[in-house]
1. For the range 1-81, list the helices (runs of 4 or more DSSP H) that sit wholly inside it and hold at least 2 residues that are open to solvent by 50 Å² or more (accessible area, probe 1.4 Å) and more than 21 Å from Gly95 (Cα to Cα); which are they?
2. Need the failing condition index for His86 against (1) surrounded by fewer than 19 Cβ atoms within 10 Å (Cβ to Cβ); (2) touching a residue at least 40 places away in the same chain (Cβ under 8 Å); (3) outside any loop (DSSP other than H, G, I, E, B), just the number.
3. Given (1) at pLDDT 95 or above; (2) out of contact with any Asp or Glu (no Cβ under 9 Å at 6 or more places or on another chain), identify the lone condition not met by Gly106.
4. Looking at the range 216-233, which of the residues that are without any contact (Cβ under 8 Å) to a residue 24 or more places away in the chain and part of a loop (DSSP other than H, G, I, E, B) is surrounded by the fewest Cβ atoms within 10 Å (Cβ to Cβ)?
Amino acid sequence: MSRPMTDLAGVSDATQRLIAGAAALRPEAVGEPSLLPGWTRGHVLAHLARNADALVNVCSGLPMYPSAEARDADIERDAGRPLQAHLADLRESAGRLSAAWDRLTGEQWAATVELRNGVTDRASSVPLRRWVEVELHHIDLGADRSVADLPGAFTDRAVDYFARRFAGHPGVPALELRAEDGRRWRTGDPAGEPLVVAGTPAALTGWLAGRTTGTGLTAGGAPGAALPVLPPL
C-alpha cells in the first residue's frame with residue numbers, strides 16, 4: 001500500500017495553520033476557556049502535542065497511551081505552560097510524528113494498528129484521524145477559526161470519515177447524509193427508513209463532529225427541522 005499522500009499533506013497544512021493561529025494568541029489567552037467544557041486553550045494545545053506523540057507510539061507498535069489516566073495526567077501537566085512552550089511542543093511533536101510516518105514502508109502502511117479503547121484501523125487511515133484532530137481542535141481554541149473556515153479538501157474526507165464512524169452506532173438513528181453535489185452516505189442504524197440530512201460538506205462536518213447544532217442543514221427536506229442529537233466522538 002502506498003503512502004496516503006493527500007492525508008499527509010492535509011495534516012501538514014492544518015498543523016501549520018494551527019501553529020500560526022496559536023502564535024497569534026495573547027500570552028494570557030492560553031489559560032482562558034476553550035470551546036470544550038472544562039478545558040482551557042492550554043489543555044487543547046497540550047492534548048494535540050501529546051496526541052502526536054501517542055501516534056508515534058502507534059507507528060512503533062506500542063500502546064497509544066499507557067493508560068487513560070496517564071493520558072489525562074499528561075494533558076493536565078502541560079496545560080498551564082507559557083504560550084511559547086506550547087508552540088515549541090506543537091512543532092517538535094509534529095516533527096516526530098512526520099518522521100515516524102516517513103519511516104513506514106508500504107507493507108507497514110497496510111498493517112492493522114491499535115488505537116485507543118481497543119479500536120483498530122489500518123495504519124494508512126491514521127493520518128486522516130490526525131487531520132481530524134488538528135482541524136477540529138483548532139476550532140476548539142475559540143480564537144481565529146470556525147467550521148466555515150474548514151478547507152474543502154478536509155470536509156470532503158471528513159463526511160465520509162464520520163459516516164463510517166457512526167455506522168451501526170446504537171445511539172445514532174438511521175441517517176442518509178446528502179451533500180449538495182449529489183454524494184450520499186448511509187450511517188447510524190442500518191435498519192429502517194433513514195432521515196435525510198442535507199447540506200454542504202462543511203455544514204455536515206460541523207454537525208457530525210459536534211461543533212454545530214446543524215446550522216445550514218435540512219432534516220427530512222424541511223429547513224429548521226429538528227436534527228437528532230449525536231453522541232460525542
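The values are calculated or read from the model by the stated rules, or taken from the named source; none is laboratory data. Since this is a predicted model, take the numbers as computed values, not measurements. A quick note on method: Cβ atoms are made from the backbone with ideal geometry, for glycine too, and the neighbour counts reach across all protein chains shown. The accessibility values were calculated without ligands, DNA or RNA, using every heavy atom of the protein model including side chains. Shrake-Rupley method; radii C 1.70, N 1.55, O 1.52, S 1.80 Å.
1. Correct list: 68-79.
2. (1)
3. Of everything listed in (1) at pLDDT 95 or above; (2) out of contact with any Asp or Glu (no Cβ under 9 Å at 6 or more places or on another chain), Gly106 misses just condition (1).
4. Residue satisfying both the conditions and the ranking: Pro232.
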